[in-house]
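Derivation of every value follows stated rules applied to the coordinates shown; laboratory data play no part. For clarity, every value in this text was computed on a predicted model and none was experimentally measured. Every residue, glycine as well, gets a Cβ built from its backbone with ideal geometry; the counts of neighbours run over all protein chains shown.
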């Protein structure tokens, strides 16, 4: 249905309404994915390295979905298939219910106007001012000058750049450039925002600002955001769900809290460890006393989630099971808004008592994992 | 300054006028022909907006062939073509034909290089925003490359001032020709010196204007 309407408008030769119509498509049902990638494969040269190997992914309407992976994992190729900047060799790309691979050139251009994209290196026009850069997608869509000016006046405050309206990109900081990139991506009121390493060229403070802006815009404009990053910290701070990619495959995916607390794959564990730390620092380990005769010393990592983080688990466990628990490392954090704590404990006691204590703690919902000393 | 008779002054002014006409007209023609050619080379090239090797390779070869032909030979070799276009093969007008042709090939390559300097990310962003190929060419490639394109025209202008000195071979006149005929063949070193001085000033002026424009347009 949507396809037909867009095509008819384009034939009438007035692309202005194409973007308007995109907005008029009935709101998706909550269970309909905003982006559905099915069985995508891509190889760059015949016999060359595989960029994507049978990747399937669904991004729900309104969520911030992160794809994390090392460079060369295929995540950049994957995000670029969503607006067909990269054509997959096989598979299907469905965005807002529209199958993109079957579209002709004009219909694809119209569909792309409904998908905003933000880039690592901003990709601004050097010879256009901030306002002129933001106007570009509107010019391309054939929107008249007066309407463009009105839209720019709405967008500048949205990204906090009212004062930089007539500045050139060379006069802006990295964070400001990315704000222009975001305003430009949102100019034609897309429902979907793709972020290709949007914060990777920015310092940590600016990264936090830009991520906060993206989340705020998602909430205010009901955007669906698909972002790729090599930094798990980005995923931790704004994503709802995450997929981990390696060698062109999605090796693990799920809600962020779940992937962080129960990583299944070694690669995922390494990513998670980058953010929440893992194990006991070597210096601390050397200073831990060894077990008394007849007793054992076990090192475990404990994840506290939600309400349990407030319970006095450690003192209760040592009282109830007659063991000693020594905190070797630990921190309290939050992931996707959920309080979350991680601790490395050295536990001393009889083998049975330790096992019983760990079982009791697991019963409370804590995730306990043995660390190799 | 006894050599600078009124007649000599007239000759110098006339020669300067001929040089300016030859360089000016052939540059305008070369920009008009060279920019579309450069865009075609860029767009059909490997990794371009629509790669067409069957078009790109012969076109590139033709441009290279023109560029590798020494100007003095090109001028003589295309006399039939010059006669067809200009109606004559002798004089300032006739000299413009080979000058424009050589400058077109020269500029096409320089323009192509300037287009290649455009950040591919900006082009990609435009594609992601649903821009058509035509919009990418006229709203992204050309405006973003403009400082480079102006710099290329400056280089071409300066080279054409040099090429135009050879136009005397087919009666094109101009400062270079005056220098050879009076300064060299009639043993008047003062004429040669003044011709060279005027050419230096001309080239300096063109270069300064070009550089100023590039600075003004860059916003880097």
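Between the beta carbons of residue B:209 and residue A:106, assuming R0 = 51 Å, the FRET efficiency works out to 0.75 to the nearest 0.05. Our summary of shape: the Cα atoms of the protein assembly as shown have principal axis extents of 119, 61, 52 Å, ordered from largest down, in whole angstrom.
Shape verdict for the range A:280-370, please, from the Cα gyration tensor: rounded (a/c under 1.5), prolate (a/b greater than b/c) or oblate. Cα axes put the range A:280-370 in the oblate bin.
Computed over chain A, the per-residue total of -39500 (n - 2.57) for DSSP H runs of n ≥ 4 gives a 222 nm mean residue ellipticity of -11000 deg cm²/dmol, rounded to 500.
Can you put A:240, A:32 in order, fewest other beta carbons within 10 Å first?
Working: A:240 20, A:32 14.
Going from least to most buried by this count: A:32, A:240.
Give the calculated FRET efficiency between residue B:13 and residue A:162 to the nearest 0.05, with a Förster radius of 56 Å applied to their Cβ-Cβ distance. Could you put the intermediate results ahead of the total?
Working: r = 57 Å, r/R0 = 1.02.
Efficiency, from the Cβ-Cβ distance: 0.45.
Order of B:184, A:168 from fewest to most other C-beta atoms within 10 Å?
Values: B:184 12, A:168 19.
Neighbour counts put them in this order, fewest first: B:184, A:168.
Could you work out, residue by residue across B:116-122, how many beta carbons of other chains sit within 10 Å of that residue's beta carbon, and then give the average as an integer? Present the calculation step by step, with values, prior to reporting the outcome.
On the way: counts 0, 0, 2, 6, 1, 7, 10.
Counting Cβ atoms of other protein chains within 10 Å of each residue's Cβ and averaging gives 4.
Shielding value for A:117-127 is 6, the average number of Cβ atoms from other chains within 10 Å of each residue's Cβ.
Counts of other chain beta carbons within 10 angstrom of each beta carbon in peptide B:128-141 average 6. The long axis of helix B:92-116 is offset from the longest Cα principal axis of chain B by roughly 30 degrees. Remark: relative contact order (the range A:281-371) = 40 percent; criterion is Cα-Cα distance under 8 angstrom and separation of 6 or more residues.
Between 0 and 90 degrees, the angle of helix B:189-218 with respect to the longest Cα principal axis of chain B falls at about 20 degrees.
Arrange the following residues from fewest to most other Cβ atoms within 10 Å of their Cβ: A:37, B:206, B:146. Write out the running numbers ahead of the final one.
Working: A:37 24, B:206 20, B:146 17.
Going from least to most buried by this count: B:146, B:206, A:37.
Approximating the spin labels as points 7 Å out from Cα along Cα→Cβ, the residue A:45-to-residue B:88 distance works out to 5.8 nm. With helices as the sole contributors, chain B gives -25000 deg cm²/dmol at 222 nm; each DSSP H run of n ≥ 4 counts as -39500 (n - 2.57), and the sum is divided by every residue. Against chain B, whose longest principal axis comes from its Cα atoms, helix B:6-44 is set at around 20 degrees. Taken over the range B:20-174, the ratio of Cα radius of gyration to 2.2 N^0.38 Å equals 1.14. Distance between the pseudo-spin-label points of residue A:355 and residue A:291 (7 Å out from Cα toward the beta carbon): 1.2 nm.
Residues of the range A:213-236 falling in the label zone of residue A:154, defined by backbone nitrogen less than 13 Å from a point 7 Å along Cα to beta-carbon, are A:221-222.
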